[in-house]
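**Q** Structure below; questions to follow.
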Amino acid sequence: MAFQKLSLKGRALRLLAQREHSRAELASKLARHVEEDDDLEAVLHDLQAKGFIDEARVAESLVHRRAARLGTQRLVQELRGKGLSEDLVRAQAAQLRETEEERARAVWRQRFGTPAATPQERARQMRFLAARGFSGDTVRRVLRGAPDGDGQ
């Protein structure tokens, strides 16, 4: 069977079949495959017009996949890295802040489960949560409420 070269649109559809991609991500991934007679912008515009590229779906997909393990700050950074609009990023951030403490508590419980016995261990737990993008206030509330594991 002969190997047939994929068109830009074919490559884009293959990428979109794997997961949601933003327009900026697709442009970056497809740029190296552009040939003389290809019009990458036209392909991307066509896919977006037909609903194959949708910023809101990209954001929802990322949040759905990653929110259980990461804090708002880290997720906002990832959303911006995908080239999504600032309005969409702000809206997602507002929603994420509502559940941040609950998510941080779940991450802490899964990783540690017991309160820190020493200041060094407490600092390690704080660094762990901060590295995952949870705010300082959230981290302090989670560790303050750690002994009972039930909130504030």
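The values are calculated or read from the model by the stated rules, or taken from the named source; none is laboratory data. On a predicted model such as this, the values are computed, not experimentally measured, just so you know. Ideal geometry is used to build each Cβ from the backbone, glycine not excepted, and the neighbour counts take in all protein chains shown.
**Q** Just to be sure, is residue 57 within 27 Å of residue 15 (Cα to Cα) and part of a helix (DSSP H, G or I)?
**A** Here the answer is yes, as residue 57 does meet what is asked.
**Q** Got a number for residues in region 1-40 being in a loop (DSSP other than H, G, I, E, B) and under 26 Å from residue 80 (Cβ atoms)?
**A** Just the residues of region 1-40 that are in a loop (DSSP other than H, G, I, E, B), to begin with: 1-7, 19-22, 34-39.
Now drop any that are not under 26 Å from residue 80 (Cβ atoms), which leaves 19-22, 34.
Looking only at that region, the number is 5.
**Q** Just to be sure I understand the filter: pairs with C-beta atoms under 8 Å, separated by 6 or more residues or on different chains, first member in region 16-40 and without any contact (Cβ under 8 Å) to a residue 40 or more places away in the chain and on the phi > 0 side of the Ramachandran plot, second member surrounded by fewer than 18 Cβ atoms within 10 Å (Cβ to Cβ) and of a type in the set (Gly, Ala, Ser). Which pairs pass?
**A** So the pair list comes out empty.
**Q** Just to verify a result, which residue in region 74-110, among those that are touching a residue at least 40 places away in the same chain (Cβ under 8 Å) and among the basic types (Lys, Arg), is surrounded by the fewest Cβ atoms within 10 Å (Cβ to Cβ)?
**A** Ranking the qualifying residues of region 74-110, first place goes to 109.
**Q** Does any residue of region 85-93 turn out to be in a loop (DSSP other than H, G, I, E, B) and within 17 Å of residue 23 (Cβ to Cβ)? Steps first, please.
**A** Just the residues of region 85-93 that are in a loop (DSSP other than H, G, I, E, B), to begin with: 85.
Of the ones still in play, those that are also within 17 Å of residue 23 (Cβ to Cβ) are 85.
Yes, that holds for at least one residue.
**Q** Would you call residue 113 at pLDDT below 95 and either within 23 Å of residue 140 (Cα to Cα) or surrounded by 13 or more Cβ atoms within 10 Å (Cβ to Cβ) (or both)?
**A** yes
**Q** Tell me whether region 134-144 contains one or more residues that are closer than 30 Å to residue 23 by Cα and either of a type in the set (S, T, N, Q) or in contact with a helix residue (DSSP H, G or I) (Cβ under 8 Å, 6 or more places away or on another chain) (or both).
**A** yes
**Q** Pairs please, first residue from region 112-136 and assigned to a helix (DSSP H, G or I), second anywhere and not charged (D, E, K, R), Cβ atoms under 6 Å, 6+ apart in sequence or on different chains.
**A** Here the result reads 122/116; 125/112; 125/116; 126/139; 129/104; 129/139; 130/139, each pair linking region 112-136 to a residue that is not charged (D, E, K, R).
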